[in-house]
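The values are calculated or read from the model by the stated rules, or taken from the named source; none is laboratory data. The shown structure was predicted, so the numbers you read here are calculated from the model rather than taken from an experiment. Here the Cβ positions follow ideal geometry from the backbone for every residue, glycine too, while neighbour counts run over all protein chains shown. For accessibility, only protein heavy atoms count, side chains too; no ligands or nucleic acids. Shrake-Rupley method; radii C 1.70, N 1.55, O 1.52, S 1.80 Å.
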Amino acid sequence: MTTDDFVKLKSEIAGDLEPVKPLAAPGVRALLLASILLVYSGVVLLAVGLRPDYAELGFWGAFGLASLQLTAACFLFWIGLRSSIPGMTGSRSWPWAAGILAAALFAAASVLIHGMSPSSPPEGKALSSALACVGAIAVLGIGPLVLGFFLAVKGLPLQWGTLGLTLGLGSGLVVEALWRLYCPISSWDHIFPAHAGGILLLIAWSFAAVWYWRSRGVRGPARRLWPF
Amino acid sequence: MSRQHLIQLMSRYQAGEESAFEELYQALKPPLLSYLTTLSWSRQRAEDLLQETFLLLHRSRATYLPGRPVAPWAFSIARHAYLMDRRKQLRHQTREVASDDPPELPIPPDVERLGDFQGLQKALVQLPKKQLEAVLLHHLWGFSFREIGATLGIRTVTAKLRAHRGLRKLRDIMNSAVTGTTRDAKLKERTKSYSTGNKE
């Protein structure tokens, strides 16, 4: 780099040297995201109401398992937000390991709930129930996904695959946990195509959002999208 | 420049001080240029990428978390600039043909005792790129293995293995070069004494 290059660099930077507030640590931002999602979940639950067989599950069966899923989602968000801080990115195997654990948690929760309160879709309504749940999870998941994405692009995403997977899966887990507090059907032939299908759709949307953002050739963090 | 001084510079830079940027530039330019040369295998390309790196560094200055080491943050951004450029070249299929002469690579102080400058240059060029990167980050720029992992997006143990294997391979290359040189010298000596013996 010659002296001319340095002078040119300096002049470019001099016009844009206002003080910046450093981003909060990824853990703090993940907790903030989790708090917002908790409120969001509360509002949705107030609107749709609890599942009719709540008494059979009990508080721990219903909210306990949902909390575990929310915790797993926070951990995924933390990995994703961390991958947007240069010098703090983790190994690329982390999100996959976390994803496998999250999937195992989802499966275990499904088994437990089915054991406590087995139920199947109404006669002749298997498809419509499945589509309703896929749609609900996918639509409700857009809010958490967008919020997580905005937080991530305020940093400098360095591992786009990690970001896509963690945001999509994290949003999916949050919303699926919330939706399971409403949806009374616990049979495998509903949970896996419908609820897991909704999560997979959110993961696909997350990757699409990441691909779109990257294809815009954005150089550097997004500005003025969010105050934190 | 000490780590603590760099941290203080970053705080001033984030507060909007232009002089802090200049000092930071002077401190980070040499190692970043060497690093980019190692990645891109071209001094010219590295100089172009250095400009891009500092621009990206400037735009991303809010991503630096106060109190944390500055070098892993800066090197991550440099690596990102290099990868973005490589992706762009692949997309437009305008990959520059690397010159036949490899660039001059920096030599870590720990390995200087293994041989002379030319020999070490030849040896470093033969290392697999991932191992070379780990060796230089640890032995030249003083990154811990954890910091190498965070910079490259790999596990700490992987960073350790790459550096260890790189150094071992470097020693093997230098040892075989020395053995080869000693063998040649002995052969010359034997040939000379044989021809002298014949004359007598």
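A single entry from B:GLN89, B:GLN4 fulfils the requirement of being open to solvent by 10 Å² or more (accessible area, probe 1.4 Å), over 19 Å from the mean Cα position of the chain (by Cα) and under 24 Å from B:GLY153 (Cβ atoms): B:GLN89. Against the test of being within 30 Å of B:PRO69 (Cβ to Cβ), at pLDDT below 90 and touching a helix residue (DSSP H, G or I) at 6+ places or on another chain (Cβ under 7 Å), the options B:ALA150, B:ALA123 yield a single qualifying residue, B:ALA123. For the range B:117-141, filtered to residues that are among the small types (Gly, Ala, Ser) and either out of contact with any Leu (no Cβ under 6 Å at 6 or more places or on another chain) or without any contact (Cβ under 8 Å) to a residue 24 or more places away in the chain (or both), the residue that is least open to solvent (accessible area, probe 1.4 Å) is B:ALA134. Is it the case that some residue within the range A:147-161 is within 14 Å of another protein chain (Cβ to nearest Cβ), in contact with a His (Cβ under 8 Å, 6 or more places away or on another chain) and either open to solvent by less than 30 Å² (accessible area, probe 1.4 Å) or of a type in the set (A, V, I, L, M, F, W, C) (or both)? Yes, the range A:147-161 has at least one match.
Is there any pair linking a residue in the range A:120-142 that is closer than 15 Å to A:LEU178 by Cβ and touching a residue at least 12 places away in the same chain (Cβ under 8 Å) to one that is open to solvent by less than 30 Å² (accessible area, probe 1.4 Å) and hydroxyl-bearing (Ser, Thr, Tyr), with Cβ under 7 Å and at least six apart or on different chains, and which? From residues that are closer than 15 Å to A:LEU178 by Cβ and touching a residue at least 12 places away in the same chain (Cβ under 8 Å), the pairs are A:GLY141/A:SER171.
Conditions (1) surrounded by fewer than 24 Cβ atoms within 10 Å (Cβ to Cβ); (2) out of contact with any strand residue (DSSP E or B) (no Cβ under 8 Å at 6 or more places or on another chain); (3) within 22 Å of A:PHE207 (Cβ to Cβ); (4) modelled with pLDDT of 90 or more, marked per residue:
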| site | (1), (2), (3), (4) |
| --- | --- |
| A:GLN69 | yes, yes, yes, yes |
| A:ILE85 | no, yes, yes, yes |
| A:GLY90 | yes, yes, yes, no |
| A:SER93 | yes, yes, yes, no |
| A:ALA97 | yes, yes, yes, yes |
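When B:GLN51 is tested against the conditions (1) touching a residue at least 12 places away in the same chain (Cβ under 8 Å); (2) at the interface with chain A (Cβ under 9 Å from one of its Cβ atoms), the lone failure is (1). Looking across the range B:144-158 at every residue that is under 14 Å from the mean Cα position of the chain (by Cα) and at the interface with chain A (Cβ under 10 Å from one of its Cβ atoms), the one that is surrounded by the fewest Cβ atoms within 10 Å (Cβ to Cβ) is identified as B:LEU152. Residue count for the range A:70-97 satisfying the condition of being within 14 Å of another protein chain (Cβ to nearest Cβ) and either over 25 Å from A:GLY220 (Cα atoms) or more than 12 Å from the chain's Cα centre (by Cα) (or both): 16.
Against the test of being surrounded by fewer than 19 Cβ atoms within 10 Å (Cβ to Cβ) and among the hydrophobic types (A, V, I, L, M, F, W, C), the options B:ALA15, B:ALA74, B:ALA46, B:ALA78 yield a single qualifying residue, B:ALA15.
Applying the criterion of being open to solvent by 50 Å² or more (accessible area, probe 1.4 Å) and part of a loop (DSSP other than H, G, I, E, B) to the residues of the range A:1-31, the residue that is farthest from the other protein chains (Cβ to nearest Cβ) is A:GLY15.
Report yes if some residue within the range A:162-169 is farther than 16 Å from A:ALA196 by Cα and either of a type in the set (A, V, I, L, M, F, W, C) or surrounded by fewer than 24 Cβ atoms within 10 Å (Cβ to Cβ) (or both); otherwise report no.
Yes, because at least one residue in the range A:162-169 is farther than 16 Å from A:ALA196 by Cα and either of a type in the set (A, V, I, L, M, F, W, C) or surrounded by fewer than 24 Cβ atoms within 10 Å (Cβ to Cβ) (or both).
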